[in-house]
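> Please find one structure pasted underneath; my questions will follow.
What follows is calculated from the coordinates using simple rules that are stated; it is not laboratory data. Treat the numbers as computed from the prediction; the structure is a model and nothing was measured. Glycine also receives a Cβ, built like all others from the backbone with ideal geometry; neighbour counts cover every protein chain displayed.
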DNA sequence: AAAATATTGTGATTATTATCACTATTATTA
DNA sequence: TAATAATAGTGATAATAATCACAATATTTT
Ligand SMILES: NC(=O)c1ccc[n+]([C@@H]2O[C@H](COP(=O)([O-])OP(=O)(O)OC[C@H]3O[C@@H](n4cnc5c(N)ncnc54)[C@H](O)[C@@H]3O)[C@@H](O)[C@H]2O)c1
Ligand SMILES: NC(=O)c1ccc[n+]([C@@H]2O[C@H](COP(=O)([O-])OP(=O)(O)OC[C@H]3O[C@@H](n4cnc5c(N)ncnc54)[C@H](O)[C@@H]3O)[C@@H](O)[C@H]2O)c1
């Protein structure tokens, strides 16, 4: 599992991408590394080195072409490789994610939701149906889905993750504030909003 | 602004905290650095060095006391320092965050929401009212609030952030996928779920 | 046309972070 | 009680990441 591009660089690529969208909307064709660096408060040589990694050449006194750069980042990050996923837990967070229509632009397609609450099962949002959790193994196999977005309460998270893994799930985007135990071959990415808030607060408010 | 504890360490402290909650719930009194390290797939010496920073001593052959360690992390990260905040944008994400009753345990108190949609203004959730955005300057001053959680659509984010800054806001937890321009003295923490998904996908699915 | 300026590209350097390797200590086992 | 094993604590080392410094180049200005 040798990554050509480090996670640190990938993180910055996503930031560059946000800025490039803005420039594109404003109709600006070229952008320079000092401009980007100033926005992100990083060193401009860093920006150039990152773009070099994508084999993206700039032009002296001009900068980089916004359109090319954006496409280059999108190719690298696999925007056009469709990634089908299920959401498990049709609660506040699960439904918010399901209703967000922008994920498909980034390669993420939510096909359906799963829940164990009989009231929720059967409901539909934007062509996305809520199924009973017991249907997960069958549908995961039939639709060839191996990615889930886990948005169940903390107390249920490990149990539900186990069930997902049994159902053939290989990638879990985990929104519960729990460190999941998964067998090797299964990958977890934690979206821990509480942890994120704590980091924010420490950096800016507490630890100064 | 010299931080005694680096952001990297703070990030791990939040992870340790999740694990400690689990141990506490299971009634286990002590935990060792190799145990924690195994859960997080990091080096055990790293764990010990982090705990040393908090002046938390362990005991040979036993480990660290779960209760002490948890309190120590909570003190360091300022759990008991109450931080009042407003949510701007009572949409899918804003409401999900407003309904989450667990933030107060970590020091974050959401006092109210703001929106510009007349249908939403006046509604109430869990004692949290939705005010018209025009009320922000007044309420921020009266309630002495300088933290906002920004959950408006991408296109409005910069404009609304500008207004928040004019209203005296100093800390912005930004959920919109936009790099905000703010004057110095104002601090932004980005919670970019799209960017996070891209990192997840690159690490595990694309770039392998 | 020449000078001034802004920018890329990149090797060298520095800073930060993580790991290794080992000693000291203490509980458990024989 | 002695031997064994698990763990904390920590300096040395390695790996990773960010910054600096500057030559090369292209555009703009005079
Ligand atoms: N709401 C937030 O703002 C917020 C913030 C930080 C963290 N989180 C975390 O995100 C997760 C979801 O939060 P939420 O506010 O959406 O919770 P929620 O209670 O609104 O939704 C959870 C959903 O999971 C379903 N569920 C419960 N057990 C299940 C099972 N065994 N199988 C299938 N579905 C099951 C419930 O029926 C419910 O619909 C939680 O782990 C929470 O800690 C939420
Ligand atoms: N929903 C998701 O899962 C998701 C995922 C990733 C990112 N985001 C980002 O989070 C943000 C919120 O997303 P959402 O799905 O909750 O959007 P939403 O449309 O459901 O909610 C946005 C809210 O902001 C309000 N608003 C708009 N302009 C305003 C203004 N000028 N002043 C005050 N309020 C205003 C709207 O009335 C609405 O209630 C967006 O920037 C979105 O890109 C959302």
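> Give the average, rounded to an integer, of partner chain Cβ atoms located within 10 angstrom of each Cβ in B:11-18.
For peptide B:11-18, the averaged partner shielding equals 5.
> Could you tell me how far the Cα centroid of segment B:31-56 sits from the Cα centroid of segment A:1-54, in Å?
Cα centres, segment A:1-54 to segment B:31-56: 34 Å.
> Is chain B best put as rounded, prolate or oblate by its Cα gyration tensor, with a ≥ b ≥ c the root eigenvalues, rounded for a/c under 1.5, and otherwise prolate when a/b is larger than b/c, oblate when not?
Here chain B falls in the prolate category.
> When you look at the Cβ of every residue in B:185-194, what mean number of other chain Cβ atoms sits within 10 Å? The partial results should precede the final answer.
Working: counts 0, 1, 5, 2, 7, 5, 5, 4, 10, 9.
The shielding value for this peptide is 5.
> Relative to the other copies, what are the label-point distances for residue B:6, with labels 7 Å from Cα along the C-beta vector, expressed in nm at one decimal and sorted shortest first?
Residue B:6 label point versus its equivalents elsewhere: 1.2 nm.
> Shortest first, in nm, what separates the label point of residue B:53 from those of the same position in the other copies (7 Å along Cα→Cβ)?
Its label point is 2.3 nm from the equivalent points in the other copies.
> Next question, about the same structure. Report the residue of chain B with the smallest Cβ-to-axis distance, using the rotation axis that brings B onto A, in whole Å.
B:96, 2
> Okay, next question. Need one word for segment A:7-77: rounded, prolate or oblate. Basis is the Cα gyration tensor (sqrt eigenvalues a ≥ b ≥ c); a/c below 1.5 gives rounded, then a/b vs b/c decides.
rounded
> If you find the alpha carbon centre of segment A:192-208 and of segment B:122-144, how far apart are they in angstrom?
Cα centres, segment A:192-208 to segment B:122-144: 23 Å.
> Still on this model: Would you calculate the separation in nanometres between label points at residue A:123 and residue A:184, each defined as 7 Å from the Cα along the Cα-to-beta-carbon direction?
Distance between the two pseudo-spin positions: 4.2 nm.
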